[in-house]
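FYI, it's all coordinate maths here, none of it is from the lab. These numbers come from a predicted model, not from an experiment. Virtual Cβ from ideal backbone geometry, glycine too; neighbours counted across all protein chains shown.
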Ligand code: DP6
């Protein structure tokens, strides 16, 4: 017999960024962060996990290619879920797995991203969130979403925020064992459904400095990060929660853009400096700033993760269609920009 579970998880984009760990193994951050979960139709991971007595080892395929499972992060997530596995009985298929059997059973995992892997589009976020969710279902682990988020966090920090739709906060927590470092939903997907997300895929190439090594170097060398984590982010988190609650787009946009810019400033303050944005990214920032100023009130927020791709959040459909028209005019895909496509989606699942 084979028991299979398939799950689909959207990626999330941080509007108040996570950058820097206080514990590398448990993946505990130096500050809280807040994100928006995207529409799964556009950027998501689909993962199928299967268990069978005929499997003789754990194996995984990412986008059809077999990958190694030796990494500590995958093993941590698997260990956590295995320790919570329960009895499974599927009479129809004649499957009966006792709690104690899970230790000796092997898994086959197939995962697909419908977007470029490791190009700064938070693929690890959707990937680990989906893996943990699918494994929990397969093994009948009866954890709630927040507890699962603390497990997904050990795969990749940003993954803990993809277990919920809408607006999500990753609470950094205080405990040394990380049990209080988990995600909570601030508002569900229906709360602010005017927002429209447009992603400019400036480059789908693999980024040069991974988030993991980049943030390690930042923690070791940047003084600005200490100031950011202690003085700036705590205030912004309060303001951002308020802006989301009141659907206050002007504050939301101001906080989102400032926080993205400070994150990239912190990367520049790292020794040696890390450059995630490129010339096209900078030109998009200038254009959006100019459009917002000419409109009087902000129409669009922008944010960039560890890569050159621009994530823009328009206040409503009208602003989004105007933005897209302007983008296509000033930044046509495959012209002198190295921009290759736009992805348009709702914010939520
Ligand atoms: C810039 O979650 O990819 O996207 O925890 O080392 O796996 P690890 O890093 P990762 O970092 C994401 C950083 C970011 C900001 C964010 O998503 O908050």
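So here's what we get for this one:
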read-out	value
The stretch 220-262 versus the stretch 293-344: alpha-carbon centroid distance in Å	21
Å³ per residue enclosed by the Cα convex hull of the stretch 33-77	136
Using alpha-carbon coordinates, inclination of helix 211-221 to the longest axis of the chain, degrees	60
Rel. contact order, % - alpha carbon contacts under 8 angstrom, at least six apart, the stretch 120-236	18
On Cα atoms only, tilt of 123-138 relative to the major axis of the chain in degrees	30
Normalised contact order of the chain, rounded percent, pairs of Cα under 8 Å and 6 or more residues apart	22
With Cα atoms, 0 to 90° folded angle of helix 317-330 axis to the chain main axis	70
Computed over the stretch 1-113: relative contact order in percent, which uses C-alpha pairs under 8 Å that are six or more apart	31
Fully extended contour minus Cα-Cα distance, from residue 52 to residue 96, at 0.36 nm per residue	14.7 nm
FRET efficiency estimate (nearest 0.05) - Cβ-Cβ, residue 210 to residue 247, R0 45 angstrom	0.80
For the stretch 25-175: span of alpha carbons on each principal axis (Å, largest first)	45, 36, 30
Stretch gain in nm, segment residue 220-residue 70, where the contour uses 0.36 nm per residue and the Cα spacing is subtracted	51.3 nm
Percent breakdown of C-alpha pair distances by 20 Å bin, ordered from the shortest bin, for the chain	31, 56, 13, 0
Bridge type composition, the chain - antiparallel percent by DSSP, nearest 5	95
The stretch 89-110-the stretch 53-67 distance, computed between alpha-carbon centres (Å)	16
Percent of C-alpha pairs per 5 Å bin, the stretch 130-265, short to long	2, 8, 13, 18, 21, 19, 13, 6, 1, 0
